[in-house]
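This report concerns only the one structure given below.
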Amino acid sequence: MTYVIAQSCVDVKDKACVDECPVDCIYEGKRMLYIHPDECVDCGACEPVCPVEAVFYEDDVPEELVHCVEINASFFTELGSPGGAAKIDTSQRDAPVLERVHP
Amino acid sequence: MTQISSTDLGLPGLRSGLDGVPSSGEKQTGKDFTSDQEVRWCPGCGDYAVLKAVQNFLPELGIRRENVVFISGIGCSSRFPYYLDTYGMHSIHGRAPSIATGLATAREDLSVFVVTGDGDALSIGGNHLIHALRRNVNMTVLLFNNRIYGLTKGQYSPTSEVGKVTKSTPVGSLDHPFNPVSLALGAEGAFVARTIDSDRKHLTSVLSAAAAHRGTSFVEIYQNCPIFNDGAFDAIKNPDTKADAIIPLVHGAPITFGKDKVTGKPTKGLIRNMDTGAIEVLDLGPAADQYAKDLLLVHDAHNPDPSTAFAISRLTDSGYLNQTPIGIFRQVERPAYDDQARDQIRTASQAATGAPTDRLSYLINGGDTWTVV
Amino acid sequence: MYSTSEASPRTKQVRQLDRVIIRFAGDSGDGMQLTGDRFTQESAAFGNDLVTLPNFPAEIRAPQGTIPGVSSFQVHFADHDILTAGDSPDVLVAMNPAALKANLSDLAKGAAIIVDTHDFTGRNLTKAGYATSPLDDGSLDEYDLHRVDLTGMTVEAVKEFGLSRKDAARAKNMFALGLLSWMYGRPTENTVEFLSRKFAKVPDIRDANITAFKMGWNFGETTETFIVQYEVKPAAMAPGTYRNITGNLALAYGLVAASVQSGLPIFLGSYPITPASDILHELSKHKGFGITTFQAEDEIAGVGAAIGASFAGQLGVTTTSGPGVALKGEAIGLAVMTELPLLVVNVQRGGPSTGLPTKTEQSDLLQAMFGRNGEAPVPIVAPQSPGDCFNAALEAVRIAVTYRTPVMLLSDGYLANGSEPWQVPDVAELPVIEPNFATGPNSTSTAADGTTTEVFLPYKRDEATLARPWAIPGTAGLEHRIGGLEKGAEHGNISYDPANHDLMVRTRQAKIDRIADSLPPLEVDDPSGAAKVLVLGWGSTYGPIGAGVRRVRKAGYNVAQTHLRHLNPFPKDLGDILARYDKVLVPEMNLGQLSMLLRAKYLVDAIGYNQVRGLPLKAAELAEAISELVRSAEGKCLP
């Protein structure tokens, strides 16, 4: 299981969640933030601080947003597991689906 | 029947902590070790990170989950066993090492873990911890140190810094804290290590070495409590300060830390003061010469003499944590209590001949008997 | 030399006695326990029935020559079956003034006193608090006083072995033993053999002791001081093999037997404590039976390790005394909650706090019943005599294993160190104890789509016993977590549900209550069937109560007696039995703990007979109390 960030984060990127994450597993993309599904430890610190309620526990993602689970994961297909967002600058990329929609 | 699994320690002829534990034979994943119970720690608690790391590391041991037992005491971290689909016992405050001692001595085929906290292990259960280390019973002790009492809602702990203002110390605590690594080394610990909740890679590598070590492996895990002691470990977690705060210990390598902003090379190292024998920090500077580099202390975790490991452990701040060594301080071989206890029984049992009932009859009919007809 | 009484000079007389009580008393370094033990072994080998009562200070070597330093050993031997170590010695052997002073008040007028005159020096008399020597001031005129220079004669007898004077004098206890052995016609071969074995590595000491022993015998035979030799014929006992045994040894053997009969290796986690340590010492010798003995860092670790071993599938045992039980309370509660087999042996001693470590008492009954937080019922089993500790241990283990529960076995200091002839049981007739480990799923779970899977419910109960399954680590598919938090019924996961807690508390109590279904009916000894008074006891008071009841019956009164082995739960027929009698007398070595339980449970007016003197109850005094109650129950006037 993991937490995921849904599309209401797009173009918001408040980053309050990044400060809360104890394991630094929330990565910044060009238009939204992404939670690394393997690096997340399910602690839930990110969920209540999001101003736009974009963070969901995987089981609790509303049906209309289920595709966001895949969106979060797909961001890391090429990146793999860097082991911490601070180690790498990812702010100029996005999940493939976002790049396709808004080239 | 079952294959014996063993992990190479890199030292020839030594027994692994997993010797005698049947191997799984098939590939397992973290899911196999995850129970169906909902995890109930506070959001952001460092315990989550450790749990995740443990769930992912257990399958790598290559042993069956029914042969894994987690024993905990009381405290936030002691809920740990409920979240692992192994055998487990959430016992009573401070006593987990004693329960694990009985378990590990009774059964060679189990891999035994103790999950405890700074209050559980160092305050109410201090006696059991030091005696487990002294005996060297084959088990791995994970001490979650958040330097505060969480479950009782925020009183200072035996690792809290002096002057800590808490609910029970409104004008500051008076107790001088324990340094858990120094304590473990002083208690004859044969495997003593420290790691950090948020560094999964390091945590996993230390846990693997600890599980493979035969005897009591002691692992202090710095663990952040976001509710009652948030930020206690910021210096070692903040990307801007951690290079200067963490002194990484790698067996066989010179001990250096700090990071030059330009070259990326270490700026500090540990040396022995030849006058006092103490271990001190030497500023290498950007232009450290070869002479300075030759003086650097090379970490030897296998040194039979624990003095240097102890001296290194003293570099940890007892107040707010701005500097601390991380890694395996000491890893030496010493006979394990449980192995020797079982050997004594095996030897005596092999010498005893005849059915147990016959031997019982012989025993109770021993001494000066007389017969009435 | 010392084979038959015919060899004695013609001047000696032989007098028949049916029973004799001898007390050996001296400094705690004088070897009185060994002397008494040897005399006991000789008497056992001779075929007398016997009961012993050791009594020693807590200090290993209290100040020499003082009253607190006095150690004694009483042996009561008879040609018939006896129940106690006797109230009042017929013979006192006093090795110094302190030993005389400490024990004189227990003697009836006319009793024989043998003193070692050598030690009645001015200094020793002062230490004992004598202003003048009792040997000279006429204060012992009403006793049959024998002055013997035991030390002097011993030193003289062993001088050929070249020992220091101190070492030579130490053999005086064997001289005394030899003398008493002659007086009572005890067989001596075993003692000579024992000494040869004990001192095999130090030939000088061995030879000195054997010589002193033989010279003591010869002295009796030749001296004019002792003109009467006594004879106590062997007692008629049921056919079988016997040995003399102390309670602690019998208890340790009972545990070995329980291990053999259950197939469960014993794991003893223990911290040394008087008077329980002997059990740890004994079991540590029997590793060949697969027994692990773990000397823990403290009392709590002892029980903790035992619980860990029980979780692992061994038989966890912890041995201690009252102060240790106080420390173990929380862990015993954990065993109640986790429903794991565990045996807690409490060899009770005088309390509270450190109390009287070497003296006996029964004052931990309520601690055993209630000494834990929450509703934490623990079954209680109590042995009634030293030899009975064997069977009581087996019974306690049967309950622990069958019902998956901690069990308290309440022995006491008197049983622990006291001894009696014990008919060695036939191993083939011992009960078999079945661990019945869980081996697979015990239930099925139905998913929403109707598919079923087999599951393991760690708190699903046996219908008859209400015991939960004992699934040990290493059993694939039965992985589960237990602990001190309240469990949900059946599934065993943490539950804070109010109704579930109520159910679980009641279920744990009901499980303990169910044990009563497995207990045999109480045996009530009421020969006339006309008794109006029942004397009810538990534990080591069995002997004194039995002896007291015999005296009362001999005097022509009717009285019934019954004795409890199970204190929790009580046998099912106890209530009916109590209701049958007009009066119930409960003698105890406490201030009325069983009385309180009986009153609470059965609403009977249990009358206490209570003493806490650190010593067994005295049969004669108890008989007085019983007689008085019988007289009042039968409406007879006091004489």
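The values are calculated or read from the model by the stated rules, or taken from the named source; none is laboratory data. These numbers were taken from a predicted model, which means no experiment stands behind them. Here the Cβ is made from the backbone with ideal geometry for all residues, glycine too, and neighbour counts use every protein chain on show. Ligands, DNA and RNA are stripped out before the accessible areas are found, and what is left, the full protein with its side chains, is counted by its heavy atoms. Shrake-Rupley method; radii C 1.70, N 1.55, O 1.52, S 1.80 Å.
Listed values, structure above:
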read-out	value
Filter pass, residue C:302 being at pLDDT 95 or above and over 27 Å from residue C:432 (Cβ atoms)	yes
Single match in C:317, C:381, C:344, C:336 (criterion: of a type in the set (Val, Ile, Thr), touching a His at 6+ places or on another chain (Cβ under 8 Å) and not assigned by TED's automatic domain parsing to the domain that holds residue C:49)	C:381
Residues of the stretch C:478-509 satisfying the condition of being open to solvent by 50 Å² or more (accessible area, probe 1.4 Å) and outside any strand (DSSP E or B)	C:491, C:496, C:497, C:498, C:499, C:501, C:502, C:503, C:506, C:509
Residues of the stretch B:91-119 satisfying the condition of being facing another protein chain (nearest Cβ under 7 Å) and either assigned to a helix (DSSP H, G or I) or open to solvent by less than 10 Å² (accessible area, probe 1.4 Å) (or both)	B:91, B:98, B:99, B:100, B:101, B:102, B:103, B:105, B:106, B:110
Complete set of residues in the stretch C:563-591 that are in contact with a Lys or Arg (Cβ under 9 Å, 6 or more places away or on another chain) and either closer than 26 Å to residue C:399 by Cα or not charged (D, E, K, R) (or both)	C:569, C:570, C:571, C:574, C:575, C:581, C:589
Positions within the stretch B:28-62 being more than 12 Å from chain A (Cβ to nearest Cβ) and open to solvent by less than 10 Å² (accessible area, probe 1.4 Å), in sequence order	B:33, B:57, B:58
Residue B:315, sole failed condition from (1) at pLDDT 95 or above; (2) open to solvent by 60 Å² or more (accessible area, probe 1.4 Å)	(2)
So residue B:198, is it part of a helix (DSSP H, G or I) and polar (S, T, N, Q)	no
Residues of the stretch A:57-92 classified as open to solvent by 40 Å² or more (accessible area, probe 1.4 Å), away from chain B (no Cβ under 14 Å) and not in a helix (DSSP H, G or I), total	4
Positions within the stretch B:347-362 being charged (D, E, K, R) and surrounded by 14 or more Cβ atoms within 10 Å (Cβ to Cβ), in sequence order	B:359
Residues of the stretch C:308-324 classified as surrounded by fewer than 24 Cβ atoms within 10 Å (Cβ to Cβ) and under 23 Å from the mean Cα position of the chain (by Cα), total	1
Residue match in the stretch C:202-212 (condition: more than 30 Å from residue C:84 (Cβ to Cβ), more than 14 Å from chain B (Cβ to nearest Cβ), without any contact (Cβ under 8 Å) to a residue 12 or more places away in the chain and out of contact with any Leu (no Cβ under 9 Å at 6 or more places or on another chain))	yes
Test: residue B:339 is within 14 Å of chain C (Cβ to nearest Cβ), of a type outside the set (A, V, I, L, M), assigned to a helix (DSSP H, G or I) and open to solvent by less than 50 Å² (accessible area, probe 1.4 Å)	yes
The stretch B:230-252, subset out of contact with any strand residue (DSSP E or B) (no Cβ under 9 Å at 6 or more places or on another chain) and part of a loop (DSSP other than H, G, I, E, B), residue most open to solvent (accessible area, probe 1.4 Å)	B:240
Residue within the stretch C:288-301 that is more than 9 Å from chain B (Cβ to nearest Cβ) and either touching a residue at least 60 places away in the same chain (Cβ under 8 Å) or not hydroxyl-bearing (Ser, Thr, Tyr) (or both) present	yes
Residue pairs meeting the criteria (Cβ under 9 Å; at least 6 apart or on separate chains; first under 17 Å from residue A:16 (Cα atoms), in the stretch A:50-68; second among the aromatic types (Phe, Trp, Tyr) and assigned to a loop (DSSP other than H, G, I, E, B))	none
The stretch B:1-27, subset modelled with pLDDT of 50 or more and either out of contact with any strand residue (DSSP E or B) (no Cβ under 9 Å at 6 or more places or on another chain) or more than 14 Å from residue B:63 (Cβ to Cβ) (or both), residue most open to solvent (accessible area, probe 1.4 Å)	B:27
Qualifying residues in the stretch C:462-477 (those that are surrounded by fewer than 20 Cβ atoms within 10 Å (Cβ to Cβ) and of a type in the set (D, E, K, R)) - the one nearest to the other protein chains (Cβ to nearest Cβ)	C:462
Which listed residue is farther than 23 Å from residue C:618 by Cα and either buried (at least 24 other Cβ atoms within 10 Å of the Cβ) or modelled with pLDDT under 95 (or both), from C:117, C:121, C:84	C:121
Condition met for residue C:555 (of a type outside the set (Val, Ile, Thr) and modelled with pLDDT under 95)	yes
Whichever residue in the stretch B:197-240 is without any contact (Cβ under 8 Å) to a residue 40 or more places away in the chain and among the polar types (S, T, N, Q) and, among such residues, is farthest from residue B:60 (Cα to Cα)	B:238
The listed residue being crowded, with 18+ Cβ neighbours inside 10 Å and either more than 28 Å from residue C:346 (Cα to Cα) or under 21 Å from the mean Cα position of the chain (by Cα) (or both), out of C:529, C:539, C:556, C:635	C:539
Options C:459, C:403: the member that is farther than 30 Å from residue C:242 by Cβ, touching a Gly at 6+ places or on another chain (Cβ under 6 Å), open to solvent by less than 70 Å² (accessible area, probe 1.4 Å) and of a type outside the set (D, E, K, R)	C:459
Checklist (1) touching a strand residue (DSSP E or B) at 6+ places or on another chain (Cβ under 6 Å); (2) over 30 Å from residue C:44 (Cα atoms) applied to residue C:161, failing item	(1)
Answer residue from the stretch C:38-66, given it is surrounded by fewer than 23 Cβ atoms within 10 Å (Cβ to Cβ) and under 30 Å from residue B:372 (Cα atoms) and is modelled with the lowest pLDDT among those	C:45
Of all residues making up the stretch B:253-280, the number that are of a type in the set (Val, Ile, Thr) and assigned to a strand (DSSP E or B)	3
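Residues checked against (1) closer than 20 Å to residue C:23 by Cβ; (2) outside the structural domain of residue C:95 (by TED's automatic domain parsing); (3) surrounded by 23 or more Cβ atoms within 10 Å (Cβ to Cβ):
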{"position": "C:177", "(1), (2), (3)": "yes, no, yes"}
{"position": "C:196", "(1), (2), (3)": "no, no, no"}
{"position": "C:216", "(1), (2), (3)": "yes, no, yes"}
{"position": "C:220", "(1), (2), (3)": "yes, no, no"}
